[in-house]
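Below is one structure; the comments refer to it alone.
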Amino acid sequence: MGKADKRQAKLSFSGGEKRGAIPAPRTGDADAEEGSPEMSVRAMFMELKTSLVGIDAKLDQVTERLDRIRSRVDEHDARFETLETRTSEIEDARSGDREQIAQMERLLEAQRRAFLPIKRLLSQAGIGFALLYPAKLRVRHEGKVLYFSDPKQANKFVRRLPRQRGAEAPGGVSPEDASLSDND
């Protein structure tokens, strides 16, 4: 490209005006010739403006989606917090239940232990017995099966046994009084 071509290019780019001159204001696209640099810039500007409007609309859509996601996250956080609260309440209740269960086990153990002297006496006398759960003594004597939930009644029954064999037992109970026991 020669010097004359470069000068022509400068003049055509600046709209044919000389350097330093103030260009006349343009009122619209009608003043610009089709294919001129001003028309190209305006077309690019319009494309850019259209693109920006499209981007702005997409940005609004993305913002709406983010808001919906945030609200879902907030809902899940609230549910999770409720679940954590309920879980801690259940764990607290279970620990209370464990304490209750331990207390009940101690009471049951004491009830079963109350039958120990009676079991020794029955064993020495050769009478069949079994300690049933939770704390019930089953005695097989003279073809009968007797059940005792109360160690006092079982003790009365055992004390009358020597009397039946001819020995005296203090505060003995006659065989008819054995009907006071818990028969199941």
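The values are calculated or read from the model by the stated rules, or taken from the named source; none is laboratory data. The structure presented is a predicted model; accordingly, all values stated were derived computationally and were not measured. Ideal geometry is used to build each Cβ from the backbone, glycine not excepted, and the neighbour counts take in all protein chains shown. To get the accessible areas, we keep the full protein, side chains included, count just its heavy atoms, and leave off ligands, DNA and RNA. Shrake-Rupley method; radii C 1.70, N 1.55, O 1.52, S 1.80 Å.
Quick notes
- For the stretch 56-138, the carbon plus sulfur part of the accessible surface works out to 52%, probe radius 1.4 Å.
- Sparse packing (at most 12 other Cβ atoms within 10 Å of the Cβ) combined with a DSSP loop state is found for the following GluC sites (Glu not before Pro) in the stretch 92-162: 142.
- Given their separation in residues at 0.36 nm each and the Cα-Cα distance between them, residue 58 and residue 70 gain 2.5 nm when the chain is fully extended.
- Projection of the Cα convex hull of the stretch 29-155, averaged over all directions and equal to a quarter of that hull's surface, yields 17.2 nm².
- In a fully extended conformation the segment linking residue 152 and residue 88 would gain 18.6 nm over its present Cα-Cα distance, using 0.36 nm per residue.
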